[in-house]
Amino acid sequence: IAEMLRQCAAGVGNLLLNVGPKGDGSLPQQSTDRLDAVGAWLKRNGESIFNTRRFIFDAHRSDIGLADWTHSGRFTATDSAFYWHIRHWPGSALRLSGVKCKVTDVTLLANGENYHFEQQGDRVIVKTVGEGMDTASEPLVFRFRTDGEPKLYLCGGYDQPSVEHCRYD
């Protein structure tokens, strides 16, 4: 459900969940458990969902592919930050290519912890992240504050700098 929320937020959409009541009017326990879990996730990570702006593919200019994603997860964005929703933990360091803006800080939203990072050209490396962070039950969300509007191009790993594959608008 968190990934569906991210997808709706990135596309400026709405999410309707089909949660039907039992015959006595109450909700099934499984549904309330799931909604409680999503509510707890939103309490920690809602900044990456609420009041975000459209973050879309730029598939109109090229047939190479879509690239607003990485193998680890996808994105949402605001006027001065982008959020990386990590579904598959990549290892001891986070590496993100295609960052065409200056990153000023990196924070794990769930606990507010700031991480040391290094930006080399269009690549951001967050080195002090522990291995094996749990992404099995829910996505981890990192906020990358930026100096101005966030811009990500070729973030899916394509090596053709003249073609813009993903954009924030």
| Efficiency of FRET between Val12 and His71 - r from beta-carbon atoms, R0 22 angstrom, step 0.05 | 0.30
| task | Take each of the peptides 36-44, 140-148, 78-86, 101-109, average the number of other beta-carbon atoms within 10 Å over its residues, and list them starting from the highest. | result | 78-86, 140-148, 101-109, 36-44
| According to the Kirkwood expression over distinct Cα-Cα pairs, how big is the hydrodynamic radius of region 71-118, in Å? | 12.0 Å
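Read-outs: derived from the displayed coordinates by stated rules, not from any lab. Just so it is clear, the model here is predicted, and its values are computed rather than measured. No Cβ is skipped: glycine too gets one built from the backbone with ideal geometry, and neighbour counts run over all protein chains shown.
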